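Colleague: Structure in structure tokens, see below.
Any read-out appearing in this document is the output of simple, stated calculations on the displayed coordinates, not a laboratory observation. Here the structure is a predicted model, which is why all the values come from computation and not from measurement. Backbone-built Cβ (ideal geometry, glycine too); neighbour counts: all protein chains shown.
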Amino acid sequence: MAAAHKNLLAVWAKEPKDVAAVEKALNDLTTALGSASSGLDEKQAALASKDVYEISVLLAIVKNDFDSFDDYINQVNTYYTMVPQNSENKHLMTGLQLMFLLAFNRLSDFHMLLEQVPQREQTSNAYISTPVRIEQSLMEGAYNKVVLTEKNIPSPFYSVFIRIMLDTIRREIASSIEKSFKSLTAKDATVMLLFDNDQKMLKYAQDRKWRLDGNRFVFEVEAAQDKPVNLDTVRIATQTLFYAKQLEQIV
Amino acid sequence: MTPKAGEAAVEKMEVDPVKPAAEPAKDENAIAVENIKDQLQSLDKGEEHLVARVLHVLPKTRRQLNDAVLHKLCTSGLISHDSAFFDNLLKFVKYTPPAVIDEPMDTTSSKTKSPRKGVRPVYTSIESDCYLRLLVLIHLFAQKKYQDALLLGEQQLTAIQNTDKRTLDGFAAKTLYFLCVIHEREGKLFEIRGVLNSRLRTATLRHFNESQAVLICWLLRCYLINRQYQSAAHLVSKVAFPENATNNDLARYMYYQGRIKALQLDYNSAAGYFLQAQRKAPQEGAIGFKQTVQKWVVVIGLLQGEIPERNVFRQPIYRKCLAQYLDLTHAVRLGDIAKFNHVLEQHRKVFEADDTLTLIVRLRQNVIKTAIKQISLAYSRIYIKDIAKKLLMDNETETEYIVAKAIADDAIDAVITSDVRDGPRYMQSSETADIYRTSEPQDHFDTRIRYCLELHNQAVKALRYPPKKKIAVESIEQAREREQQELEFAKELADEDEDDF
């Protein structure tokens with residue numbers, strides 16, 4: 001088993017990652033761990049299973065396989081609660097999980113997980129503080145800050161999630177622009193939508209059916225306010241009936 | 001048995017009000033012993049509502065407990081079914097009565113009790129056993145003899161489990177409560193969560209409502225203290241809180257639920273739960289609980305964009321503990337980011353201790369939104385650059401995104417535009433529409449009516465009725481007794497258990 005363990009670490013350390021080889025090494029080690037006569041003491045076995053769990057998580061990110069990422073990350077967390085002395089990578093894992101939840105817009109899970117991290121770590125630990133800052137920027141609408149963080153992420157594995165978020169952000173920005181601008185030059189649109197060249201932007205604009213007038217996009221701010229207020233009779237009737245029923249019960 | 005117990009109660013009734021006036025010097029211990037003996041007698045009837053009554057005055061009884069009282073109770077000639085019972089209890093009450101002083105006390109009580117004792121020995125019921133054990137347990141707890149208390153508590157629970165009688169549920173609940181408090185004081189609460197879970201399962205299966213309520217509350221507390229929010233959320237989604245639980249337990253449950261909802265960003269339900277927790281909390285006392293809940297109410301209100309009313313902060317019990325939150329409210333109301341940051345820095349420790357820090361950090365976006373709203377109200381047009389200056393942001397692009405988002409979120413009614421091509425952009429606010437021409441007032445009126453109706457319905461549900469049986473056949477004497485009891489009961493309700501929190 002010791003050999004399988006070493007093999008796994010060696011294959012994993014190679015750059016660029018050979019997914020198939022890592023998977024094979026993982027499988028080998030898992031079978032070795034499963035068999036009763038592993039020939040190792042408990043401590044080494046625990047260490048080996050730690051590597052199995054952690055590498056599974058990271059591999060899932062490399063493969064962009066987020067369903068299995070969700071599974072593995074939970075396994076890792078269980079492992080950390082059971083073997084707290086081997087949890088030196090815990091913050092990286094928690095940080096990745098936070099990024100994952102953020103990227104997939106599972107905000108309530110995000111906050112539940114964040115609450116479990118001590119306050120001190122939230123600001124001082126780079127693994128944790130990155131997703132925390134991104135979340136704040138997202139909520140405030142400071143989208144450019146999210147892009148800026150991509151340049152100084154604590155671990156290369158974070159970038160996958162930031163890329164996913166970038167799509168979401170672009171959608172958000174686009175809908176904000178539609179509602180708040182009357183017109184916008186193509187050049188500014190490229191900057192605001194965080195594209196590096198006009199072609200990409202133009203294609204995106206086409207997908208969203210923006211109207212191009214010369215070199216400006218024109219947006220129609222819909223005049224919803226002027227619409228006369230209709231008497232919503234159905235709603236009023238249901239409300240009144242509800243009151244009547246309740247009053248009936250009281251009297 | 002019943003008439004005799006009734007007679008005893010009448011005796012007590014007539015004597016009780018006179019006692020303090022006639023013999024002010026009389027030893028308080030003796031009164032306590034008398035009271036507890038009376039309680040034991042009513043317990044011997046083995047009726048559920050009598051058990052509830054005795055437990056209801058527990059906080060009052062608790063204050064009268066001391067070594068002498070307990071020792072006296074254990075040695076006063078009551079005989080248990082379990083012969084080793086009192087010997088066992090005495091092991092916990094380490095007290096040797098000073099013989100001389102004890103003598104006069106004995107004569108006063110033996111005047112009424114000894115003849116009857118002579119005729120036939122009084123066997124205590126299981127209820128009484130449990131009650132005595134609980135009293136000793138509480139006493140041990142008060143003296144911080146935690147190890148002994150834990151041991152006794154375990155004995156109590158085993159005894160209750162073995163007899164499996166419905167009336168004992170109240171005692172089990174109280175015992176569990178104290179066991180949990182002790183575990184928490186010793187910092188070992190998390191270790192017993194397995195035990196609590198299995199007990200909850202049993203209690204739920206057998207419909208032991210009181211135990212169930214206590215257990216659910218403590219499990220939630222255990223999870224929240226140890227930051228196991230996911231488990232707590234799971235628990236809440238799985239259990240059905242017993243409907244006839246006491247108000248105190250209900251208040252706690254509401255509070256914990258509010259905390260969980262607040263974490264899940266569901267501020268509306270969180271606010272609802274905190275409001276109910278506030279309403280269910282006892283009028284008098286439980287100040288600590290009310291203060292904590294009030295803090296959460298303020299924070300959640302702010303997160304929802306509501307500014308709490310000024311008079312909340314003025315009430316004497318809240319004035320001091322909410323001082324930091326008042327500063328915070330000022331900052332949010334003014335949309336003053338510099339002040340908000342300052343408050344956050346200054347009171348960080350306090351907020352962290354209150355577990356509200358993460359929520360307060362989330363307030364930042366509200367502050368920004370308020371600020372933008374105020375700018376849009378004050379200026380009909382303003383350059384993005386100037387907004388950035390006002391919001392203390394060094395980056396115009398960022399400000400533009402934020403303003404655009406505010407417009408998209410319908411926080412403000414404005415457009416971003418520019419006069420000349422590629423000129424500097426500015427934000428132009430639209431005219432504010434007359435809100436009374438929309439259906440907004442109707443909606444508000446509707447929510448208020450619903451709130452009132454809901455309040456009424458809950459009040460109706462909260463009404464309690466006395467048990468119906470036996471009313472037809474009671475004699476005049478019994479009727480008198482019952483009325484008196486109800487009077488006392490009402491009085492006790494008024495000063496409901498403040499120690500409990």
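Colleague: Just want the ordering: B:His49, B:His330, B:His56, from fewest to most Cβ atoms lying within 10 Å of their own Cβ.
Modeller: Details: B:His49 11, B:His330 14, B:His56 17.
The order, fewest Cβ neighbours first, is B:His49, B:His330, B:His56.
Colleague: Using Cα pairs under 8 angstrom and six or more residues apart, how large is the relative contact order of chain A, in percent? Display every interim value, and only then the final one.
Modeller: Values: 177 pairs, mean separation 26.4, N = 251.
Reported relative contact order: 11 percent.
Colleague: With only Lys, Arg, Asp and Glu charged, each at its Cβ (+1 for the first two, -1 for the last two), find how big the charge dipole of the range B:314-435 is about the Cα centre; round to the nearest 20 debye. Walk me through the intermediate numbers first.
Modeller: On the way: 18 positive and 18 negative charges, 106 e Å.
So the dipole magnitude of the range B:314-435 works out to roughly 500 debye.
Colleague: Tell me the angle of helix A:19-34 to the major Cα principal axis of chain A, expressed in degrees between 0 and 90 and rounded to the nearest ten.
Modeller: It is inclined by approximately 60 degrees.
Colleague: Within 10 Å of each Cβ in B:358-368, how many Cβ atoms from other chains are there, averaged over the peptide?
Modeller: Details: counts 7, 2, 0, 6, 4, 0, 3, 7, 2, 1, 4.
The shielding value for this peptide is 3.
Colleague: Translational D (Stokes-Einstein, µm²/s) of the range B:160-248 at 25 °C and 0.890 mPa s when Rh comes from the Kirkwood sum over C-alpha pairs?
Modeller: Values: Rh = 13.2 Å.
In µm²/s, the coefficient rounds to 185.
Colleague: Then there's this: Based only on other Cβ atoms within 10 Å, what is the fewest-to-most ordering of A:Ser124, B:Ser418, B:Ser269? Walk me through the intermediate numbers first.
Modeller: Values: A:Ser124 10, B:Ser418 19, B:Ser269 15.
With the sparsest Cβ surroundings first, the list reads A:Ser124, B:Ser269, B:Ser418.
Colleague: Which peptide among A:241-250, A:203-212, B:274-283 comes first, and what is the full order, when sorted by highest mean count of other Cβ atoms within 10 Å?
Modeller: Working: A:241-250: 11.3, A:203-212: 13.2, B:274-283: 19.1.
Put in order of decreasing packing, that is B:274-283, A:203-212, A:241-250.
Colleague: What's the Cα-based Rg to Rh of the range B:291-365, Rh via Kirkwood?
Modeller: On the way: Rg = 11.1 Å, Rh = 12.1 Å.
A ratio of 0.91.
Colleague: If you look at just the Cα atoms of the range A:108-180, how large are its Rg and its Dmax in Å?
Modeller: Gyration radius and largest Cα-Cα distance of the range A:108-180: 13.2, 40 Å.
Colleague: What is the mean number of Cβ atoms from other protein chains located within 10 Å of the Cβ atom of each residue in peptide A:178-189, rounded to a whole number?
Modeller: Values: counts 2, 8, 13, 8, 5, 4, 4, 3, 0, 1, 4, 0.
Taking the mean over all residues of the peptide, I get 4.
Colleague: Using mean Cβ contacts within 10 Å as the protection proxy, how do A:90-96, A:213-219 order, highest first? Spell out each step's value before the answer.
Modeller: Working: A:90-96: 21.4, A:213-219: 14.1.
Going by the mean number of other Cβ atoms within 10 Å, highest first, we get A:90-96, A:213-219.
Colleague: I'd like the GluC sites (Glu not before Pro) in the range A:54-118 restricted to DSSP loop residues with at most 15 other Cβ atoms within 10 Å, sorted by number.
Modeller: Values: sites: A:Glu54, A:Glu88, A:Glu115; in loops: A:Glu88.
When the GluC sites (Glu not before Pro) of the range A:54-118 are filtered for loop state and at most 15 Cβ neighbours within 10 Å, A:Glu88 remain.
Colleague: With the cut-off at 19 Å, tell me which of the pairs B:Lys72/B:Lys165; B:Lys295/B:Lys461; A:Lys245/B:Lys461; A:Lys151/B:Lys405; A:Lys151/B:Lys369 have Cα atoms farther apart than that.
Modeller: Values: B:Lys72/B:Lys165 28 Å; B:Lys295/B:Lys461 28 Å; A:Lys245/B:Lys461 17 Å; A:Lys151/B:Lys405 24 Å; A:Lys151/B:Lys369 28 Å.
Correct reply: B:Lys72/B:Lys165; B:Lys295/B:Lys461; A:Lys151/B:Lys405; A:Lys151/B:Lys369.
Colleague: Moving to a separate point now. I'd like the mean, over residues of B:403-412, of how many other protein chain beta carbons sit within 10 Å of each residue's own Cβ.
Modeller: Working: counts 3, 12, 12, 4, 6, 10, 3, 1, 0, 1.
Shielding by partners across B:403-412 averages 5.
Colleague: Same structure again: What ranking do B:Ser237, A:Ser49 get, fewest neighbouring Cβ atoms within 10 angstrom at the top?
Modeller: Details: B:Ser237 8, A:Ser49 18.
The fewest-first ordering by Cβ neighbours comes to B:Ser237, A:Ser49.
Colleague: If you average the sequence gap of Cα pairs under 8 Å that are 6 or more apart and divide by the length of the range B:314-435, what percent do you get for the contact order?
Modeller: Numbers: 117 pairs, mean separation 26.3, N = 122.
Taking the mean separation of contacting Cα pairs over the length of the range B:314-435, I get 22 percent.
Colleague: For B:Lys165 paired with B:Glu488, estimate the spin-label separation in nm (one decimal), with each label point 7 Å from Cα along the Cα-to-Cβ line.
Modeller: My value for the distance between the label points is 2.1 nm.
Colleague: Sticking with this structure for a sec: Under the definition of Cα pairs under 8 Å and six or more residues apart, what whole-number percent is the relative contact order of the range B:264-343?
Modeller: On the way: 51 pairs, mean separation 19.2, N = 80.
Relative CO of the range B:264-343 lands at 24 percent.
Colleague: Going highest first, how would you order B:317-327, B:438-448 by mean Cβ packing within 10 Å? Walk me through the numbers before you get to the answer.
Modeller: Details: B:317-327: 16.9, B:438-448: 12.0.
Order by mean packing, descending: B:317-327, B:438-448.
Colleague: Work the Kirkwood hydrodynamic radius out for the range B:314-435: mean of 1/r over every pair of different alpha-carbon atoms, inverted, in Å.
Modeller: Values: mean 1/r = 0.0628 Å⁻¹.
That comes to 15.9 Å for the range B:314-435.
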